[in-house]
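The values are calculated or read from the model by the stated rules, or taken from the named source; none is laboratory data. Computed from a predicted structure; not experimentally measured. We place every Cβ from the backbone using ideal geometry, glycine too, and count neighbours over all the protein chains shown.
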């Protein structure tokens, strides 16, 4: 496969600690189309190309993405952060069983954060205070 990727590479770096051993190279491409083209033609690279996520993680991420897009179409604020779907400041639990069968009320399974009557920013502030409190307790013993 004769292909010049220099125009499509945004960032490259090695994974792992510096040593004499071979380390994998992570390449971030500008175009998703080019990444798909490379992945589709990975037989030319003979086992040297792999995805960052395994198949299960890709399926979960695809389900989260579908839910995120549905929520955005309804005008809600929805993002995926750290492999968690967050809609309107609430973490949503998406499992294979949950996507197959909806609850009786027809709404997705919400995980209510502590103090759900607070705004998103107040919850973030409270979470940071709780984390520092647990750190203080942990180090004082």
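Could you grab me the full set of residues in the stretch 37-57 that are within 16 Å of the chain's Cα centre (by Cα) and either surrounded by 12 or more Cβ atoms within 10 Å (Cβ to Cβ) or at pLDDT 85 or above (or both)?
Matches in the stretch 37-57: 53, 57.
For the stretch 24-36, how many residues are more than 18 Å from the chain's Cα centre (by Cα) and over 11 Å from residue 10 (Cβ atoms)?
Matching residues across the stretch 24-36 total 4.
Which condition from (1) surrounded by fewer than 12 Cβ atoms within 10 Å (Cβ to Cβ); (2) at pLDDT 90 or above; (3) in a helix (DSSP H, G or I) is the one that residue 71 breaks?
(1)
Can you find even one residue in the stretch 80-99 that is exposed (fewer than 10 other Cβ atoms within 10 Å of the Cβ) and either at pLDDT 60 or above or touching a helix residue (DSSP H, G or I) at 6+ places or on another chain (Cβ under 6 Å) (or both)? Please lay out each step first, then the result.
At the first step, the residues of the stretch 80-99 found to be exposed (fewer than 10 other Cβ atoms within 10 Å of the Cβ) are 81-82, 97.
Now narrow it down to the ones that are either at pLDDT 60 or above or touching a helix residue (DSSP H, G or I) at 6+ places or on another chain (Cβ under 6 Å) (or both): 81-82.
Yes.
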